[in-house]
1. Can you say what percent of the DSSP beta bridges in the chain, counting only those with both residues inside, are antiparallel? Round to 5.
2. Under 5 Å between amide hydrogens, which residues at least 5 positions from F25 or on another chain qualify, with H placed 1.01 Å from N in the peptide plane?
3. Per the helix-only calculation at 222 nm, which mean residue ellipticity applies to the chain, given -39500 (n - 2.57) for every DSSP H run of n ≥ 4 and division by its residues, nearest 500 deg cm²/dmol?
4. With only Lys, Arg, Asp and Glu charged, each at its Cβ (+1 for the first two, -1 for the last two), find how big the charge dipole of the chain is about the Cα centre; round to the nearest 20 debye.
5. What pairs from K233/K277; K218/K246; K22/K104; K22/K246; K156/K218 go past 26 Å between their alpha carbons?
6. Take the alpha carbon atoms of the range 155-199, find their center, do the same for the range 58-124, and report the distance between the two centers in whole angstrom.
7. Evaluate the relative contact order of the chain (contact order divided by residue number), counting alpha-carbon pairs under 8 angstrom at least 6 apart; express in whole percent.
8. Could you give the distance between the Cα centres of the range 5-55 and the range 232-294, to the whole Å?
Amino acid sequence: MTTIAFIGLGHMGLPMARNLLKAGFALRVFDLVQSTVDSLAIEGATAAASAAEAVAGAEVVVSMLPASRHVEGLYLGNSSLMAQIAPGSLVLECSTIAPESARKVHAAASARGVAMLDAPVSGGTAGAAAGTLTFMVGGQAETLERARPVLSAMGKNLFHAGPDGAGQVAKVCNNQLLAVQMIGTAEALALGVANGLDAATLAEIMRQSSGGNWVLEKYNPWPGVMENAPASKGYSGGFMSQLMAKDLGLAQEAAQLTASSTPMGALALQLYRLLLKQGHGELDFSAVQKLFVE
Ligand code: NAD
């Protein structure tokens, strides 16, 4: 049985780790928050007291952390986890981070004789729970084939985006588009309601018309329109606005590097920064609706 170390059991990591357990993998888990480690231990995982303890004896390491600094800090920082991962093992780094950070971790993995993929995901917490995530993979095609049984236990679509870091480039492009769709949808809903329409009626009209998009299908930002969307649960759960702001910042960095023109992405970043300044950074990113109604 393959032993997997899973590091980072937050909104996404916890359900992803659960699916690995369900698929029959032996799991060693670590997070800075002890309660999440404990809850997975009750479900059959082995609790580790540190990341180093989690990777000892593991053939595969999966990490799901907030941002570049956490990933670089874990693998390359003072305690340098990479030096403690056995040569010949496989690292699947699933966080959304800067392509350049991913490439630094790839280089350290390669120097250690460890295979690695940057494998950020799309599909949200619902996709993580259902095991239907999309993985956007950067690294060698043969490494993806090796990782396929593990990734398939957590996701449905596995895309090879290109070489080291390419998964992260695909992810920031996707999230920039998602943010623009979310803001545009929130703005249109507020406009309609201000002009006398019912939010649910307008949402359904647009969903079935040329304005239809993923946000209207699955993630409506207006409270009460979609029972299971974060908007209907006080914008709790889901994907925090501060993480969306981070991803939009990564998109702007990528644009800067290539002198790409990304005015919609730049505006989306500014609007999310405003939302953060209003104290809503920990709310789901659909809380951008608040900018248009309060
Ligand atoms: P989160 O903040 O809920 O979880 C991150 C977890 O990492 C936390 O439990 C934290 O304690 C842990 N952590 C941080 N540093 C650590 C360390 N050094 N060692 C061990 N654990 C550590 O974030 P999330 O929503 O699960 O997102 C994780 C990543 O996935 C982010 O990069 C995010 O951009 C990306 N993502 C999130 C979603 C979503 O819908 N939430 C969707 C796609 C991608």
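1. 15 percent
2. Counting only residues 5 or more places away or on other chains, the set is empty.
3. -15000 deg cm²/dmol
4. So the magnitude is around 180 debye.
5. From K233/K277; K218/K246; K22/K104; K22/K246; K156/K218, over 26 Å: K22/K104; K22/K246.
6. That distance is 26 Å.
7. 13 percent
8. 29 Å
Every read-out reported here was derived from the displayed coordinates using simple, explicitly stated rules and does not represent laboratory data. Everything numeric here is computed off the predicted structure, so don't read it as measured data. Here the Cβ is made from the backbone with ideal geometry for all residues, glycine too, and neighbour counts use every protein chain on show.
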